[in-house]
1. Calculate, in nm to one decimal, what GLU111 and ASN236 gain on full extension: separation in residues at 0.36 nm each, minus their alpha carbon distance.
2. Roughly speaking, what is the stretch gain from SER162 to ASP72, that is 0.36 nm per residue apart minus the C-alpha to C-alpha distance, in nm to one decimal?
3. For GLU232, what charge total do you get from the other residues with a beta carbon under 13 Å from its beta carbon, if Lys and Arg give +1 and Asp and Glu give -1?
4. Within the stretch 78-112, what residues put their amide N at less than 11 Å from the label point 7 Å along the Cα-to-Cβ vector of SER53?
5. Sort 250-263, 85-98, 53-66, 218-231 for me by packing, meaning the mean count of neighbouring Cβ atoms within 10 Å per residue, highest on top.
6. For ASN188 and ARG64, what does the FRET efficiency come to when R0 = 35 Å and r is the distance between their Cβ atoms, rounded to the nearest 0.05?
7. Take the alpha carbon gyration tensor of the stretch 92-140, find the square roots of its eigenvalues, order them as a ≥ b ≥ c, and report rounded if a/c is under 1.5; if not, report prolate when a/b exceeds b/c, else oblate.
8. Apply the a/c threshold of 1.5 to the C-alpha gyration tensor of the stretch 101-174 and tell me whether it is rounded, prolate or oblate.
Amino acid sequence: MQSIYTNISAPIIYPDGALHTPLPTTAEVNQPIIRIRDSDGAIAAIQTIRRNSIIHIPYFPYTRSDHPPHSDLAAFIAALDAQRQTPATIVTYDPHSEALSLLIEQSRNLELYVREQDLYNNISHFITKLPNLTKRQKPILVSTARYIEFFQKAGDFNKRFSGYIACPKFLNHPLPSQDPLGFLLKPNTHFVVVDDILDTGNTALEIARALEIPAERMSLYVSHGIFSEGTEELFNHYSSIATTNSFIQPEESPDNRLIFYALYTAEVEKEEEEEKEAEEVAE
């Protein structure tokens, strides 16, 4: 799957396999967006950051290979950092690993900006559109502590959710033991599972099977949808599944039931602002 380039020309591949990212034309803005989906995209990012003080990488690669001493993430960041003599900012969306922030802090010239407001807006919008949920009902958040704390820090957790079930970072025991308030026993309760990356879908499926809740009461939001093994089994356990276009694009979707939230789209930002204003007026 080839990387996608926005506000920048696609790299040129020479006969010997070497890659060159062309200089931007006068018509191109100085904030390129690179959706890295192969090694060419990673090389293009390294070449591009030499000439741009701001670069957008919505899905940051190698965050699942972040453990020293052989950290691919550390090697990639070191390569990016080596291109700069002056500070540069990398903008990303919901990175998988906390090591990313730490490694950027340890670099000489790189800064990291995470689009947290987009994450908040996307999940908030998703839960307002859930099927089989009345306006008075609020779902249960099922996620790792990171997302629970994210909404608690936003100050309106109780406005969005009626409670939460905390998942261990690596699932190795049944989730019902993580349900001290008995949410699983309450009829008609809707559960929203939130995660950062969905590759094979095994984690989402393991959570759904552990909860043993009918699909019509289960929904799933993932920031970066790869869907390497498709969506058929996922939709057997979840009535709604949403992701962003950080990796695959809507036109590449393996299933027309998937809901996409577009990043870097002015129309979407305008729509979200209008909805926020409408909510404030209603309150």
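Throughout, read-outs are computed from the coordinates displayed, never taken from laboratory work. Note that the structure is predicted; figures quoted are calculated from it, not measured. Every residue, glycine among them, receives a Cβ derived from its backbone with ideal geometry; neighbour counts consider all protein chains shown.
1. Values: separation 125, 0.36 × 125 = 45.00 nm, distance 4.15 nm.
Stretched out fully, the GLU111 to ASN236 stretch lengthens by 40.9 nm.
2. 28.5 nm is the gain from fully extending SER162 to ASP72.
3. -2
4. Taking a point 7 Å out along Cα→Cβ of SER53, the residues of the stretch 78-112 whose backbone N falls under 11 Å are 86-89.
5. The packing order, highest mean first, is 218-231, 53-66, 85-98, 250-263.
6. Values: r = 36 Å, r/R0 = 1.04.
It comes to 0.45.
7. Values: a/c = 5.49, a/b = 3.60, b/c = 1.53.
Prolate is the answer for the stretch 92-140, as a/c is 1.5 or above and a/b outweighs b/c.
8. Oblate is the answer for the stretch 101-174, as a/c is 1.5 or above yet b/c matches or exceeds a/b.
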